[in-house]
């Protein structure tokens, strides 16, 4: 019989999976905190009817570089109160939330502002997709996600805050998503189709590089809404010198009470098809050097300074 595009496998204790090989031929795992028939123990996780209860336990059962997928079922909820309680330390895996709206899997970020992020992505080639992350700690958290691995993709995730004192990122120099480059350079990060709607709190940034000693290169932010009251910048890539380079930011709406984008001195960034607004006071919307721009719209509040002002050297590409 000729080969088809479909792949089927029956897992002992699990379900029969018939899926396109274009997705993966790796193992499928399931996690559902609301299940009365689930457990974080051997023999579970293979079926939605007998799932794991926590994401981190599920990650520990996955095989490195096998294309495994861990599905978080609609309504799955966890409250994360310690550093790296979700440790994405298995290379080549996908953690995918199922459901939309109020059924999107929910991760309550409840770490203190002195504690490292509860989600640490340290392995290479990993995907986090389809989750809602909610600020939950009174007094604010340091950050929500920290990345040290290469080739990371964060997609279709929503970041929210319930009250002004429950910020997702108040650590100085940190962001809601933080690229930790103190030990090694970070290469290839994609953040796409994500939303952040902050309240009038004091988040430092949405995306930040903390150290600048090694830097982050080939970073893409696309198709995102990033709106907040930031103490620093919405996207902060200005630490170090010529290390945070080749960043590509396009097709986003970015609003900030401070600068929207700050670029590393000597770095090369490409910014296109952006709507940037909400700048107040004496802050320019984009601050940095050696950036190329195309089809960007910038708007300020009445009385704001520099509605179409960019600091640093600028080149335009396209029309």
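The values are calculated or read from the model by the stated rules, or taken from the named source; none is laboratory data. Because the structure is a prediction, the values reported are computed rather than measured. Please note: Cβ atoms are built from the backbone with ideal geometry, for glycine as well, and neighbour counts cover all protein chains shown.
Here are some notes:
Residue-wise test of (1) touching a strand residue (DSSP E or B) at 6+ places or on another chain (Cβ under 8 Å); (2) modelled with pLDDT of 95 or more; (3) surrounded by 13 or more Cβ atoms within 10 Å (Cβ to Cβ).
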{"position": "22", "(1), (2), (3)": "no, no, no"}
{"position": "26", "(1), (2), (3)": "yes, no, yes"}
{"position": "30", "(1), (2), (3)": "yes, yes, yes"}
{"position": "38", "(1), (2), (3)": "yes, yes, yes"}
{"position": "41", "(1), (2), (3)": "no, yes, no"}
{"position": "45", "(1), (2), (3)": "yes, yes, yes"}
{"position": "53", "(1), (2), (3)": "yes, yes, yes"}
{"position": "56", "(1), (2), (3)": "yes, yes, yes"}
{"position": "61", "(1), (2), (3)": "yes, yes, yes"}
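- So residue 185, is it touching a residue at least 40 places away in the same chain (Cβ under 8 Å) and in the same structural domain as residue 238 (by TED's automatic domain parsing): yes
- Residues that are at pLDDT 85 or above and more than 23 Å from residue 196 (Cα to Cα) occur at least once in segment 215-230.
- Flag for residue 207 being farther than 18 Å from residue 159 by Cα, buried (at least 24 other Cβ atoms within 10 Å of the Cβ) and modelled with pLDDT of 90 or more: no
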